[in-house]
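No value in this document is a laboratory result; all are computed from the given coordinates. This structure is a prediction, so every number in the text was calculated from the model and none was measured. Because the Cβ atoms are built from the backbone with ideal geometry, glycine has one as well, and the counts that use them run over all protein chains shown.
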There are 2 protein chains.
Amino acid sequence: MEILNLTTNLSLKRTLESGNEVQLQAVREIIAQVRSNGDEAVRTYTEKWDGIKLSSNRVTEAEMAQAVNAMDAQIMQDLKEAATNITKYHEQQKRQGFTLPLEDGSWLAQKVQPLQAVGLYVPGGSAAYPSSVLMNVIPALVAGVERIVIATPCGEDGKLPDAVLVAASILGISEIYKMGGAQAIAALAYGTETISPVDKITGPGNIFVALAKKEVFGEVAIDMIAGPSEIAIMADDSAFADEIAADLLSQAEHDALACAILVTTSERLAKEVAAEIEQQLQQLPRQSIARQSIENYGRIYIAKSMSEAVTAINQLAPEHLEIVTKNAEAVSEQIKNAGAIFIGRYSSEPVGDYFAGTNHVLPTNSTARFASGLNVDDFLKKTSVVYYSEKTWQENAPKIARLARLEGLEGHARAVESRGWDKDGK
Amino acid sequence: MEILNLTTNLSLKRTLESGNEVQLQAVREIIAQVRSNGDEAVRTYTEKWDGIKLSSNRVTEAEMAQAVNAMDAQIMQDLKEAATNITKYHEQQKRQGFTLPLEDGSWLAQKVQPLQAVGLYVPGGSAAYPSSVLMNVIPALVAGVERIVIATPCGEDGKLPDAVLVAASILGISEIYKMGGAQAIAALAYGTETISPVDKITGPGNIFVALAKKEVFGEVAIDMIAGPSEIAIMADDSAFADEIAADLLSQAEHDALACAILVTTSERLAKEVAAEIEQQLQQLPRQSIARQSIENYGRIYIAKSMSEAVTAINQLAPEHLEIVTKNAEAVSEQIKNAGAIFIGRYSSEPVGDYFAGTNHVLPTNSTARFASGLNVDDFLKKTSVVYYSEKTWQENAPKIARLARLEGLEGHARAVESRGWDKDGK
């Protein structure tokens, strides 16, 4: 892993697949077909892409029960404990509306209400991602969303991974459809004969899923299109090289486009980490992916001071930030831009991926400058409410009419002035 | 205005201009030019589109002072009072982070911090929109955003409307650039030699502005692309037809694509409103625009009951909803989907456009199902923080490692397991 002196021009930018014109046309065709032909189109595409003809794509109670029964008891307990931790943290995010009394009996308010229906996309393929189920569903549950739907592609045998079904079962989610790709996104957004449409779609997916989410955006809400994972670690001479290297590799193993960066004030640590990375890489099952990530995007930067490191990190705005230094908490208070911060030696980043309680859906690609991780607010909406009494109206109508006329909107002025004058009887 | 029986298939959908390929290519070219040539490109496009060659496009203190001096004292006072009201309401939206203590000295937290720099686009053209300045800037100020920039195109004389400068001056905003269109959006997103880039761009604009905002989305955050205005009014026999008609016309005068709908249980009111609309239209300065809106999208629906009306409105999810009925507040509690609600006879919708304190940037096109009006949260971001003590780590590491291995991510498991064992000395 390359060691460089820290400069002010760090970047997380990678060349991401944004989809080509052929893919986009394919996605548009799929969406149009699902809008016209509903379930039949979903069935056809499932046969084409997932290799199975399903008479019904809704997961049955029997399938759920079977998955729960097959699950290792220890893992079941781990998943439940993770769900409890995630729920506790997200409950702290829940908020109420307010009422602001004005003079003369008038008031303003903000109603805060959950979205009514949301859909979670869970990618299929070789691996199962029960943690994605927990991280996407729990904020919606805490927000009070009534209907939560999961869509995920099945294998050629028509089966879904037990772990995904078990995670859903722990959370009480029973509306699960075996469908993937753009057809799943279209079915969630527009509905079919058997699937009611949702108001928001969240969850990661391949390029077809990402393109389809962008296409249906506006018809429904979507979460951010997440990029490959990133970690930046700030460490001083108190850190252990093997631990830092392991944490860097834990991100690198996600994706060849993942980005792992160490910023340290310790030359000793820099060198030891570079050596540890090479050694640990050789033992890693996902060595090939992790090696590409480290070679292309992995960097060790030597900073003159922790304050120089803070400035660089704030410019970088990484998805994950570990601070493994003396006074790590004080350092964290200077961080303005990061998706999630992990403080101290024992807060290894995977702690947050699975278990601690914070969300693992986080802003990538330097968007932590302006974006937040998935949270309860993403499943709530706010409505403002105005109640003006006659007296408040009477006192303020002339002012409002003047402001409307200043903008050339005479109809606005007249609407406000139309009230009351001679019609008190009613 | 057409009178129909209420059905379950109401729609706010209009054929909106989404930009054609020629416009999109033009916008992409402008953005590329501004990225390469900075200020020089902005100057060139300003000369081309706004008809003036500016040596510097930054508004001077002298220009600000002149605008303030020229402003009518009464209007100045009205604008200040509106700013105070808007600030008071939005201050209620402000939120703090939290810390959640766990066992054994561990804790989780959520930091809530303002974005660092935001840009507000104010459209130019024939009218001045000081209310847009107040509604976009105040939530950012309340959130604590350090740097707030305004971009707005000037006239051929190089001048900006006094009302816009005065509104900015009241809020203490002094970084204002005379630039419009896609070049303004590009300069805000990517920066130039004289303009630092921002983290988020809000505010309405024409099709070139909307396309440019979509193009730079991801590099910076943007607010929603707002569609033409809408109002739905629920009214019973207690309402006055002249007031209802005036409020419907106050939305219709915005735009030929605006949508004004009355849902009423009173046939008497329906007929009287239809007659009033025609009569008031004849006296309206913006009659031609309002008439197109009413003819194309204006409708009066007769509902059998208020509960049928509530169901229809929740499907419609209008930007603005007035409830002018007996027990209007109780009716409002049944509303799930609306951008803003105005309760009772004296809460005419323009009250909220200018003065009451709620925001007038609201979700259109039925997106109130999942979106909220502009608010303080739009200028805040949340960062999660994890601190695990040695004991908490020790207790939970095996669980986290099992969950990581369940997903096939051995590197994650090893990172968590790498801690501590024999290295206690340091």
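Here region B:303-345 was treated as a single set of alpha-carbon atoms; its pair distances binned every 5 Å from 0 give 6, 24, 37, 27, 5 percent.
Within region A:276-341, the percentage of alpha carbon pairs spaced more than 19 angstrom apart rounds to 46%.
Using only Cα atoms, find the angle between the long axis of helix B:390-406 and the longest principal axis of chain B, and express it within 0 to 90 degrees, rounded to the nearest 10. It works out to around 70 degrees. Relative contact order, whole percent, for region B:21-222 stands at 29, derived from Cα pairs under 8 Å and 6 or more residues apart. With respect to chain B, whose longest principal axis is taken over its alpha-carbon atoms, helix B:73-91 is tilted by about 40°.
Between copies, the label points at residue B:80 (set 7 angstrom from Cα along Cα-to-Cβ) are spaced 6.4 nm, reported in nanometres from shortest to longest. Distant-in-sequence amide contacts of residue A:381, defined by a placed amide H-H separation under 5 Å and a gap of 5 or more residues or a different chain, comprise A:113, A:115. Projected onto its three principal axes, the C-alpha set of region B:321-409 covers 64, 26, 25 Å, listed from the longest axis down.
Do the sum for chain A: with -39,500 (n - 2.57) for every DSSP H run of n ≥ 4, divided by all residues, what is the mean residue ellipticity at 222 nm, to the nearest 500 deg cm²/dmol? Rounded to the nearest 500, it is -13000 deg cm²/dmol. Pairs of C-alpha atoms in region A:227-370 farther apart than 20 Å represent 40 percent of all such pairs.
Within a Cβ distance under 11 Å of residue B:408, other residues only, what is the Lys/Arg minus Asp/Glu net charge? Charge balance in the 11 Å sphere: -1. For region B:211-261, the orientation-averaged shadow of the C-alpha convex hull comes to 4.8 nm² (one quarter of the hull surface). Could you tell me how far the Cα centroid of region A:193-250 sits from the Cα centroid of region B:319-333, in Å? Centre-to-centre (Cα) distance: 40 Å. Over region B:11-139, the ratio between the Cα radius of gyration and 2.2 N^0.38 Å evaluates to 1.59. Inter-copy label distances at residue B:292, shortest first and taken from points set 7 Å along Cα to Cβ: 5.3 nm.
The share of alpha-carbon pairs in chain A lying farther apart than 34 Å comes to 44%. Residue A:278 label point (Cα plus 7 Å toward Cβ) to equivalent points in the other copies: 8.9 nm, shortest first. Mean projection of the Cα convex hull over all viewing directions, computed for the protein assembly as shown: 35.9 nm². Once C-alpha pairs closer than 8 Å and six or more residues apart are averaged by separation and normalised to the residue number of chain A, the relative contact order reads 21 percent. The GNM of chain A, with springs linking C-alpha atoms under 10 angstrom apart, assigns the highest mean-square fluctuation among A:254, A:90, A:412 to A:412. Evaluated on region B:21-222, the Kirkwood hydrodynamic radius is 18.0 Å, with distances taken between all distinct Cα atoms. For region B:39-126, the relative contact order is 12 percent, taking Cα pairs closer than 8 Å that sit 6 or more residues apart in sequence and dividing their mean separation by the residue count. Seen against the Cα atoms of chain B and their longest principal axis, helix B:267-281 is set at about 80 degrees. Straight Cα distances below 23 angstrom link residue A:178 to the lysines A:48, A:53, A:159, A:200, A:213, A:214, with same-chain residues fewer than 8 positions distant left out. Ranked by the mean number of other Cβ atoms within 10 Å of their residues, highest first, the peptides A:33-39, B:39-45 fall in the order B:39-45, A:33-39.
Here the spin labels are modelled as points 7 Å beyond Cα on the Cα-Cβ line, and at residue A:98 and residue A:288 they lie 5.6 nm apart. Treating each Cα of region A:123-175 as one equal point scatterer and applying the Debye formula with no solvent, the log10 of I(q)/I(0) at q = 0.15, 0.26, 0.32 Å⁻¹ comes out as -0.40, -1.05, -1.41. log10 I(q)/I(0), Debye, Cα-only region A:183-279, no solvent, q = 0.16, 0.17 Å⁻¹? Calculated log10 I(q)/I(0) at the listed q: -0.70, -0.74.
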